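A short write-up of the structure that comes next.
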């Protein structure tokens, strides 16, 4: 056994010895180093840079990485080949050197500049080369291609840097704005969201939250104005509030437009984020339009109705859906669109015949129409509201006043039985 083991070892050794001269005769080393040029003009070795070597005359590709000194080496490449070396690294612009031969004992040097980390494809590397050190003059065509690639890489780098700054600004202002919004510091929140939108005007989440903050500030201003005893302050406060309501409607409407233009993503996580952003944008727009129509511009009633219809189509919470239905009907009533308001209140009563808010709204819509042929039905709804609504209802007194007017001025007395949603109720 021992003699057999020694014989096997000797055979292997002889085989290696015989094959070595043949390899040496047909291949040679290819080596070099990669440096990164810094802002002050100095260079430092690039550790772990990707080195791609492409054969120009035939199909062939070789790859390695630089060591801790930025150096690389290929132990044996065919002598007969002509190569191009491409170096790339994260956060750097690639560099290439062409007209390279193996076994020439040339230290090929490549210098990277800050960039986007692009790695050249074989086609790109072969299309644009510069001669190796001492390897002849660069042709006019090669120079043109190289300069075009360098310009493109510079443009890509600048664009990536710009996008990075934009993303950082959007993320920072969104977070800071949300924190201010939670604390009801509406001015600060609006300032943060506006800064983010100045960096990127097409951010639905920023637009939605800016709408929410602006609307909340408008409500504060409106409530302060109507309780003010200073007429000048009241007028000024109301104007400021109305502007906030208008701005809130514009911001949320733009958010909805942007989301509608997006394609629903296939990825589950991205889909959940998209759905959430869509919901909040639609809800914010509906509420902003309610205030715009009710307090600023009644002519926008149809736009407000559409905003609510689209919001209610995606609302899944029953209590919020009911509130939204009441809100849109009341908005139409505030805008003087009596017939449309009545139609919306009827939809509610068809599903919830004991809704006191819908009873009141339907009665007021009929009363507001001014059509005396509808006063009897108006009185019926108002009377039913008075009977059903709690004593603490904030509009109970208004309903009684309207009912008293109908009784005294129009000689209309409520009937005990009214028709609601196609059914008679006692």
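Among the residues of region 64-77, those that are over 17 Å from residue 98 (Cβ atoms) and assigned to a strand (DSSP E or B) comprise 64, 65, 71, 73, 75, 76. Just so you know, in region 115-141 the residues that are out of contact with any helix residue (DSSP H, G or I) (no Cβ under 9 Å at 6 or more places or on another chain) and modelled with pLDDT under 70 include one that is surrounded by the most Cβ atoms within 10 Å (Cβ to Cβ), and it is 132. Looking across 184, 210, one residue alone is modelled with pLDDT of 95 or more, assigned to a loop (DSSP other than H, G, I, E, B) and assigned by TED's automatic domain parsing to the domain that holds residue 272. It is 184. Taking every residue in region 395-422 that is in the same structural domain as residue 381 (by TED's automatic domain parsing) and pairing it with any residue that is at pLDDT below 90 and exposed (fewer than 11 other Cβ atoms within 10 Å of the Cβ), at least 6 positions away or on another chain, the pairs with Cβ-Cβ distances below 7 Å are 416/426; 417/424; 417/426. Is it the case, given these coordinates, that residue 98 is crowded, with 21+ Cβ neighbours inside 10 Å, within 25 Å of residue 152 (Cβ to Cβ) and modelled with pLDDT under 90? Judged against the criteria, residue 98 is a match. Note on region 290-312: residues that are more than 19 Å from residue 235 (Cα to Cα) and touching a residue at least 60 places away in the same chain (Cβ under 8 Å) total 0.
From the list 337, 313, 272, 303, the lone residue that is surrounded by 18 or more Cβ atoms within 10 Å (Cβ to Cβ) and either under 20 Å from the mean Cα position of the chain (by Cα) or assigned by TED's automatic domain parsing to the domain that holds residue 178 (or both) is 337. For region 75-87, the count of residues that are out of contact with any helix residue (DSSP H, G or I) (no Cβ under 9 Å at 6 or more places or on another chain), closer than 21 Å to residue 156 by Cα and loosely packed, with under 15 Cβ neighbours inside 10 Å is zero. The number of residues in region 200-231 that are touching a residue at least 24 places away in the same chain (Cβ under 8 Å) and buried (at least 19 other Cβ atoms within 10 Å of the Cβ) comes to 16.
Of the candidates 181, 197, 238, the single residue that is crowded, with 16+ Cβ neighbours inside 10 Å and under 17 Å from the mean Cα position of the chain (by Cα) is 197. Remark: residue 272 falls outside the filter, which requires a residue to be in a helix (DSSP H, G or I) and at pLDDT 95 or above.
The values are calculated or read from the model by the stated rules, or taken from the named source; none is laboratory data. This structure is a prediction, so every number in the text was calculated from the model and none was measured. Here the Cβ is made from the backbone with ideal geometry for all residues, glycine too, and neighbour counts use every protein chain on show.
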